[in-house]
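Novice: Structure below; questions to follow.
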Amino acid sequence: MLAVMRFCLSETPIDVPAERAALAHPAAGALVAFEGWVRDHNAGRAVQRLDYQAYGALAQSQGEAILAEAGQRFGVRKVACVHRVGRLEIGDLAVWAGASADHRDAAFAACRWIIDEVKRRVPIWKNEHYADGASGWLHPDDTPVHGGS
């Protein structure tokens, strides 16, 4: 049933209206999207900004595999995910994932599964810059890389 899937890394702000429009389908009765923003804290520490880095080729192939699996697993019409890389400030949109489907249950389930799998499987790391001047690299699941700082 899956008609379109698109995963990409972006160094520029995510165009949410364009992403939503790309998921339109005449048979779809629902579109569910997730937006992940840079917040000002993590694990009890004040955060000033983030830097995201990715292993581009592997991130692309893993992201595409996740979207293909979502199509098979949930029977959705279209799916997409865009993840930022580079420097992001508090409030910036870091990741956007969406799914359109005939019915809302499939769209909700697919969207949730996509973002969970992207965080679990796609090689994207973030360097949190803290208010105290320290910084620490985190895996996508927010566990420290080499113990953090």
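Novice: Can you tell me how many residues in segment 1-20 are of a type in the set (D, E, K, R), open to solvent by 60 Å² or more (accessible area, probe 1.4 Å), in contact with a Lys or Arg (Cβ under 9 Å, 6 or more places away or on another chain) and outside any strand (DSSP E or B)?
Specialist: 1
Novice: Scan segment 61-75 residue by residue and report those that are assigned to a helix (DSSP H, G or I), out of contact with any Cys (no Cβ under 7 Å at 6 or more places or on another chain) and not basic (Lys, Arg).
Specialist: Scanning segment 61-75 gives SER61, GLN62, GLU64, ALA65, ILE66, ALA68, GLU69, ALA70, GLY71, GLN72, PHE74.
Novice: While we're looking at this one, here's another question. What number goes with the only condition from (1) surrounded by fewer than 16 Cβ atoms within 10 Å (Cβ to Cβ); (2) farther than 25 Å from VAL145 by Cβ that LEU23 does not pass?
Specialist: Against the list (1) surrounded by fewer than 16 Cβ atoms within 10 Å (Cβ to Cβ); (2) farther than 25 Å from VAL145 by Cβ, LEU23 comes up short only on (1).
Novice: Among the residues of segment 125-136, are any within 17 Å of GLU35 (Cβ to Cβ), open to solvent by less than 60 Å² (accessible area, probe 1.4 Å) and out of contact with any Leu (no Cβ under 6 Å at 6 or more places or on another chain)?
Specialist: no
Every residue, every condition in (1) polar (S, T, N, Q); (2) farther than 21 Å from PRO17 by Cβ, yes or no:
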| residue | (1), (2) |
| --- | --- |
| ALA46 | no, yes |
| ALA57 | no, yes |
| SER61 | yes, yes |
| ALA80 | no, no |
| ARG84 | no, no |
| LEU88 | no, no |
| ASP92 | no, no |
| ASP116 | no, yes |
| HIS129 | no, yes |
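Novice: Checking the condition touching a helix residue (DSSP H, G or I) at 6+ places or on another chain (Cβ under 9 Å) and open to solvent by 20 Å² or more (accessible area, probe 1.4 Å), which residue from GLN53, GLN62, GLN72, GLN48 passes?
Specialist: Sole residue among the options that is touching a helix residue (DSSP H, G or I) at 6+ places or on another chain (Cβ under 9 Å) and open to solvent by 20 Å² or more (accessible area, probe 1.4 Å): GLN62.
Novice: Looking at ARG87, ARG39, can you tell me which residue is in a strand (DSSP E or B), of a type outside the set (A, V, I, L, M, F, W, C) and free of Cβ contacts under 8 Å to residues at least 60 places away in the same chain?
Specialist: Of ARG87, ARG39, the one residue that is in a strand (DSSP E or B), of a type outside the set (A, V, I, L, M, F, W, C) and free of Cβ contacts under 8 Å to residues at least 60 places away in the same chain is ARG87.
Novice: Could you list all residues from segment 89-119 that are within 29 Å of ALA46 (Cβ to Cβ) and in contact with a helix residue (DSSP H, G or I) (Cβ under 9 Å, 6 or more places away or on another chain)?
Specialist: Residues satisfying the conditions are LEU93, VAL95, TRP96, ALA97, VAL118.
Novice: Return the pairs, sorted by first residue and then second, in which the second residue is open to solvent by 40 Å² or more (accessible area, probe 1.4 Å) and of a type outside the set (Asp, Glu), the first residue lies in segment 50-63 and is more than 15 Å from GLU11 (Cβ to Cβ), the beta carbons are less than 6 Å apart, and the residues are 6+ apart or on different chains.
Specialist: These pairs meet every condition: GLN62/ARG121.
Novice: While we're looking at this one, here's another question. What are the pairs, 6+ residues apart or on separate chains, where a residue within segment 130-149 that is under 16 Å from ALA54 (Cα atoms) and outside any loop (DSSP other than H, G, I, E, B) has its Cβ under 8 Å from a residue that is open to solvent by 70 Å² or more (accessible area, probe 1.4 Å) and at pLDDT 90 or above?
Specialist: These pairs meet every condition: TRP137/TRP125; LEU138/TRP125; PRO144/TRP137.
Novice: Among the residues of segment 132-143, is there at least one that is modelled with pLDDT under 95 and touching a helix residue (DSSP H, G or I) at 6+ places or on another chain (Cβ under 8 Å)?
Specialist: Within segment 132-143, one or more residues are modelled with pLDDT under 95 and touching a helix residue (DSSP H, G or I) at 6+ places or on another chain (Cβ under 8 Å).
The values are calculated or read from the model by the stated rules, or taken from the named source; none is laboratory data. The shown structure was predicted, so the numbers you read here are calculated from the model rather than taken from an experiment. Reconstructed Cβ throughout: ideal geometry from the backbone, glycine too, with neighbour counts over all protein chains shown. Areas reflect the complete protein model, heavy atoms only, side chains present, ligands, DNA and RNA absent. Shrake-Rupley method; radii C 1.70, N 1.55, O 1.52, S 1.80 Å.
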